[in-house]
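Below is one structure, written out as structure tokens; the observations come after it.
The values are calculated or read from the model by the stated rules, or taken from the named source; none is laboratory data. Since this is a predicted model, take the numbers as computed values, not measurements. Methodologically, a virtual Cβ is constructed for each residue, glycine included, from the backbone with ideal geometry; neighbour enumeration extends over all protein chains shown. SASA here: full protein model, heavy atoms, side chains in, ligands and nucleic acids out. Shrake-Rupley method; radii C 1.70, N 1.55, O 1.52, S 1.80 Å.
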4 protein chains.
Amino acid sequence: MDKIRVGLVGITGYTGMELARLLCGHPSMRLVMGCSRSESGRLLGDFYPFLRHLPGSDVVITVYNAKEIAKQCDVVFLAVPHGKAMVMAGELTDLGIKVVDLSADFRIHDADVYEKWYKVTHTRKDLLPKAVFGLPELYEEQIKKAQLVANPGCYPTSAILGLAPALSSGIVSGQDIVIDSKSGTSGAGRKAQVTSLFCEVHDSFKAYGLAKHRHTPEIEQELSLLAGTPLTVSFNPHLVPMGRGILSTIYTKLACTMSLDEIWQAYADFYKDKPFVRVLPKGELPETRNVRGSLFCDIGLVTDERTGRLIIVSAIDNICRGASGQALSNANLMFGLPQAAGVNQAPILP
Amino acid sequence: MDKIRVGLVGITGYTGMELARLLCGHPSMRLVMGCSRSESGRLLGDFYPFLRHLPGSDVVITVYNAKEIAKQCDVVFLAVPHGKAMVMAGELTDLGIKVVDLSADFRIHDADVYEKWYKVTHTRKDLLPKAVFGLPELYEEQIKKAQLVANPGCYPTSAILGLAPALSSGIVSGQDIVIDSKSGTSGAGRKAQVTSLFCEVHDSFKAYGLAKHRHTPEIEQELSLLAGTPLTVSFNPHLVPMGRGILSTIYTKLACTMSLDEIWQAYADFYKDKPFVRVLPKGELPETRNVRGSLFCDIGLVTDERTGRLIIVSAIDNICRGASGQALSNANLMFGLPQAAGVNQAPILP
Amino acid sequence: MDKIRVGLVGITGYTGMELARLLCGHPSMRLVMGCSRSESGRLLGDFYPFLRHLPGSDVVITVYNAKEIAKQCDVVFLAVPHGKAMVMAGELTDLGIKVVDLSADFRIHDADVYEKWYKVTHTRKDLLPKAVFGLPELYEEQIKKAQLVANPGCYPTSAILGLAPALSSGIVSGQDIVIDSKSGTSGAGRKAQVTSLFCEVHDSFKAYGLAKHRHTPEIEQELSLLAGTPLTVSFNPHLVPMGRGILSTIYTKLACTMSLDEIWQAYADFYKDKPFVRVLPKGELPETRNVRGSLFCDIGLVTDERTGRLIIVSAIDNICRGASGQALSNANLMFGLPQAAGVNQAPILP
Amino acid sequence: MDKIRVGLVGITGYTGMELARLLCGHPSMRLVMGCSRSESGRLLGDFYPFLRHLPGSDVVITVYNAKEIAKQCDVVFLAVPHGKAMVMAGELTDLGIKVVDLSADFRIHDADVYEKWYKVTHTRKDLLPKAVFGLPELYEEQIKKAQLVANPGCYPTSAILGLAPALSSGIVSGQDIVIDSKSGTSGAGRKAQVTSLFCEVHDSFKAYGLAKHRHTPEIEQELSLLAGTPLTVSFNPHLVPMGRGILSTIYTKLACTMSLDEIWQAYADFYKDKPFVRVLPKGELPETRNVRGSLFCDIGLVTDERTGRLIIVSAIDNICRGASGQALSNANLMFGLPQAAGVNQAPILP
């Protein structure tokens, strides 16, 4: 069978790089087009030296052109900034192409909320009802039928997967949830900026964007749907001197009298048929290295009787599960392939 | 004037190493004795190659002997495990020596609470009323008169300094406080254990000891004293792939209608004459590198109107401010020296 | 077809961990046995949390027993210390099992040389003539027919691949070769020792074992064979604060008047049909991250007219190419499988 | 006595930052002026948050103006790019100010050599004979009388100190010297560039500028003076994922029959009265962390009988000893102060 032809717009960032890595080993897809204005004309293998001798390395980088892509590709991944993505996604879906958008442009159902947090006008509101939020554990059936998938943000993926069983079954209160998230530096992107230099990040730790990070509305949208009632959460990100990984420590108040055993079972049941969520044995806590390079989300559960809390710890790889791996997984579902195709590698450590 | 003669019991760990470093440059103290059973007989400069050519490097390591120390030293720092420390502190104070104990043995006023969390019997309860909790910003006058100072834990130092102004003036509620702390790996000590290996820690992030870390009662004791009422807090530590530093993100609920400007001013007033606490300008957040190697505690303040919270971020160097530097600062006060003597270096970065 | 049944003796180190990782995705092999005295009785997935939900995680760790292994396995990887390995390799080959030995026991053809550098008596000298040095680029045909493969050391793999084209064709002199190698910390193993602690390794750099590292005789043996004359080299390792990777900078003297273009072509020709050696375009130098997690060896070439030198830089992943990935590749060849089976993943970065 | 007034031109880089750090604690100097076009008008303590509450933090950053500086300062440190520095150094020395230039502009005595390696025209050749190469161990007396000191490069400092005793006494041959140097990332400066991003540097290792780095002529100039004959060396730098530190492994050929004991003694004698060079006991090798934040240069010596070599390993802090600390040390000498004033801190680790 011919392989599904994949286009990738935006190759200079880490999510583009990760898609190129994963597509190398995909049994049913192949990268045929890579777009970047600044690197146009070069071989992808020259821009990504790690890719040499591997499938995709001989792709010649071109400038984005909707019609050209529509001719050559079956599906396109958009790894471009928000604002830009909505235009491209519009053009490409109009031309009948399937699109997985890694930006935030189609994640938030309410355009007003989007415009308020992102400070841009949404020019393709018509597509919002068609776009599916690409979290396979929650929306697998919708993703299978979607033409446009809004790939979730990295922090929201960790927070939503961590809270979904507890909120959907009323184990915890929707009030007073605090999500304290810690991300590796790849989350800051591949832009040349002083604050991302090795010597500025290494051997240090800091918080940023407290109480105002743009992933907040996306988290609240999905948690509200799970809880069946509008929620407001306190979401607060931090920067870790590591490459990949997000660990979210989620503080909730118990709304039931369930024991830790029972809560653990509820989590296990919720994720029963979901191969990429691992509810850790009681007493174990996740470490980001155990999910590095993979689609896994590891979840640890702790109850604190002194304060009446359930503390949920979830760990993902921010670039793989939190972006490109999840995007590929969504594309698999859109084409009727197994979710795991090309993204079932074991985590790599040490 | 003759320099104050310093003894150091426990040289093989990072707090001992840091004391040796700081004593090198102290204008009025000198290290005359270093004790360790396992390294006895070696030159301190051979055990600590960084110390060669510097004051203290020619000290011959000896086995601890209370009478010998009493003869040769004016003050002794105990950098030994809890349990062991209470015995030595007892012997040395009985012999009239001043002691700064870096262990937890004399931090908790209530021996029952101590025994419950540390699972050991306290054999020198008689000293508890005499021991002063060595946080200079809160207890400077008592420290000046103390013979035995219980040097605070690293996490408690960051948490208490972060919350003191808010709790003591009723800015925030004492209910529902969550302290999410992140520590560099030096906090795990210098023991040979797999979990502290470079390849296990590096490029990863994890939580540990959630809801049950032994620093909890120490934090609650001091916060309760500040609030004037018994408090229960949720304290949760994490391990960062960096050497030094603790950053605590503290989630509180506002109990007043003060603006961020007013809250900031209350913090600035509280720490007005305290040179080693820096309340950062509004909009700035601390980074652990900005306090590396120093006694500074940097505090950032954020209000979140959406959730009615004050988020306090505090950063310290866990070995310097959180242990040895603070210990030296306490010893300064005990001898009538300026608090800053020998510990007023600028932070070192990058 | 039934999968080839794999046994792994020694699971507690990083090479065992890497074999478990790679076997997860192998199309024709499956891990059926994992041996460790200390962890016996546990599930492999409990000892390796990263492995949960993946093939091999349900293997119950057992104590090594030659007959039991011979019954259940078609091939065994020995990830145990030298000395121990020769005994097991002897028992298992006597029982007709194929063995890939990751230790040094069968790498050195001359037992006297082995005993001099390793300070142990070789008890299975009878097997030395049968053992094949498992560097596929040099010995592919012999490996295919071998029952016992001596998997090369990590440093030797980088040095030999870097020098093979130059020495075998007389481009450089065999005299005065200096190999300055730098390894990630995983090379120090997973033993609990102070010198491998995060806080001892991180943010520092050091040399070790200068002029006396045990990989020296293995390097000299293979370089001598390539040059056709006995060579003595200066091999000197260093420790890098990173997890995986070896980069060797090899200083040679030009023995010809070839231009860099011609030398480059000689390298390209030498590795023409070898998919896992990438001779980088002139002007490019390798970085260890570009080979991380893969079997690739990247080689960069620089000529220095001022000093009449050819400087060769080679980079590998020390655990994958330098140990477990190469071992798996050798096993593939021993069973008539493609060399790349299960080890053709793209490098993972950032 | 009034403190010596210090000006610092170029504050945005790591060498400027390090000078600000060290000046904080200087007993006889104080920073009164800091120049930067881009940051003009800000408080130095706002640009360097680590500096708040410390001497120098209240300096208002200004645009460089030679006459203004001449009025307000006794000595000026130039932490600006080469080319720019020669103009400023000219203006300031013409105005009678003492200058320590951290750039390469006055390090190389032969203007032709300078122009060939740096590809710029030297516009102040008249100053070359007056400029003193600021390596205190070799040129202390000249530095004391100098008005203009050319502060050595970081790599040259490590290489020259490592080789000086051996070359000046004929222990090793001047032929075939290979210097394999490894530097922390602060050496790449504080420019916003992709290649210095955390995610590009971290967990990887690479060589760069092999055989053509601009520090080569500076090294050769000084080694030739020491050997008394023109030398050509092979100098090759590498990038280590750490902040500070340079370790140089220097491969030489023995030109004598001295034992390691005798060679060690020759080194000890050479550096007898030099407090900041530590010749390590035989069998010990330097680690960059042991000199972090200090002026120390640690030297380890290994003889290799198999290859007839002396291998010298030297370690420095590239920013402190390799730049700003050495600059301050030179300024001390220029004003008749002890070399160690303000730069005698113990190294900081872990």
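The mean number of Cβ atoms from other chains found within 10 Å of a Cβ in peptide D:308-316 is 3, as a whole number.
Give the Kirkwood hydrodynamic radius (Å, one decimal) of the protein assembly as shown, defined as one over the mean of 1/r across all pairs of different Cα atoms.
Working: mean 1/r = 0.0302 Å⁻¹.
So the Kirkwood estimate lands at 33.1 Å.
For the range D:1-106, the alpha-carbon radius of gyration amounts to 0.98 times the rule-of-thumb value 2.2 N^0.38 Å expected for a compact globular protein. At each listed q (0.07, 0.12, 0.15 Å⁻¹), what is the log10 of I(q)/I(0) that the Debye formula gives for chain C modelled as equal alpha-carbon point scatterers? For the requested q values the scattering log ratios are -0.28, -0.84, -1.32. Over the range C:157-212, the ratio between the Cα radius of gyration and 2.2 N^0.38 Å evaluates to 1.56.
Give the share of C-alpha pairs in each 5 angstrom bin for the range B:197-350, from 0 to the last occupied bin, in whole percents, shortest bins first. Per 5 Å bin, starting at 0, the Cα pair percentages come out as 2, 8, 13, 18, 21, 18, 12, 6, 2, 0. Residues of the range D:219-237 with an amide N closer than 13 Å to a point placed 7 Å from the Cα of D:VAL113 along the Cα-to-Cβ direction: D:219-233. The aspartates and glutamates within cross-link reach of D:LYS3, meaning a Cα-to-Cα straight distance under 16 Å and a gap of 8 or more places when in the same chain, are D:ASP74.
Would you mind giving the mean number of other chain beta-carbons within 10 Å of the Cβ of each residue in D:43-53, as a whole number?
Per-residue shielding by partner chains comes out at 5.
Angle of helix B:216-227 to the longest C-alpha principal axis of chain B, folded into 0 to 90 degrees and rounded to 10: 60°. Taking amide H as placed 1.01 Å from N in the peptide plane, the amide H of D:MET33 sits under 5 Å from that of D:VAL6, D:LEU8, each at least 5 places away or on another chain. Model label sites at D:THR229 and D:GLN142, defined 7 Å from Cα along the beta-carbon direction, differ in position by 2.2 nm.
Which whole number in µm²/s is D for the range A:259-350 by Stokes-Einstein, with the Kirkwood Rh taken over Cα pairs at 10 °C and 1.306 mPa s?
It comes out at roughly 112 µm²/s.
Modelled spin labels at B:VAL87 and D:LYS84, positioned 7 Å past Cα toward Cβ, are 6.2 nm from each other.
The range D:117-189 and the range D:218-255 have their alpha-carbon centroids 10 Å apart.
Please list the three semi-axes, largest first and in whole Å, of the ellipsoid equivalent to the range C:129-277, using sqrt of 5 times the eigenvalues of its alpha carbon gyration tensor.
28, 20, 15
If you add up the charges near B:THR195, with Lys and Arg at +1 and Asp and Glu at -1, over every other residue whose beta carbon is less than 14 angstrom from its beta carbon, what do you get? Provide the component values of the computation, followed by the final result.
Details: positive: A:ARG289, B:ARG190, B:LYS191, B:LYS206, C:ARG190, C:LYS191; negative: A:GLU284, A:GLU287, B:GLU200.
Summing Lys and Arg as +1 and Asp and Glu as -1 gives +3.
Rolling a 1.4 Å probe over the heavy atoms of the protein chains gives the protein assembly as shown an accessible area of 32 Å² per residue.
Temperature 25 °C, viscosity 0.890 mPa s: under these conditions the Stokes-Einstein estimate for the range B:47-187, based on its Kirkwood radius over C-alpha pairs, is 142 µm² per second. Each residue of the range A:243-252 is assigned a 3J(HN,Hα), and the resulting list reads x, 10, x, 10, 10, 10, 9, 10, 9, 10 Hz, derived from the Karplus form 6.51 cos²θ - 1.76 cosθ + 1.60 (θ = phi - 60°), x at Gly and Pro. Taking Cα atoms only, the orientation of helix D:260-270 departs from the longest principal axis of chain D by about 30 degrees. Between helix C:154-168 and chain C there is an angle of about 40 degrees, using the helix long axis and the longest principal axis of the Cα atoms.
Report, as an integer, the average count of C-beta atoms from other chains found within 10 Å of each Cβ along B:153-163.
Partner-chain Cβ atoms within 10 Å, mean over residues of B:153-163: 0.
Between chain B and chain C, roughly 1500 Å² of accessible surface gets buried, counting both sides and using a 1.4 Å probe. Pairs from the list B:LYS191/D:LYS282; B:LYS67/B:LYS119; B:LYS144/D:LYS272 with a Cα-Cα gap above 32 Å: B:LYS144/D:LYS272. Measuring between their Cα centroids, the range A:39-76 and the range C:44-93 lie 43 Å from each other. When the Cα atoms of the range B:203-286 are aligned to their principal axes, the ranges along those axes come out at 38, 33, 25 Å in descending order. With a Förster radius of 22 Å applied to the C-beta separation of D:ASN65 and D:ARG42, the computed FRET efficiency comes to 0.85. Karplus-derived 3J(HN,Hα) values for the range D:289-295, using 6.51 cos²θ - 1.76 cosθ + 1.60 with θ = phi - 60°, are 4, 6, 10, 4, x, 10, 8 Hz; glycine and proline are entered as x. Among chain B residues, the beta-carbon with the smallest distance to the axis carrying B onto A is reported, with distance in whole Å, as B:ASP180, 2.
Over the range A:71-110, the ratio between the Cα radius of gyration and 2.2 N^0.38 Å evaluates to 1.10.
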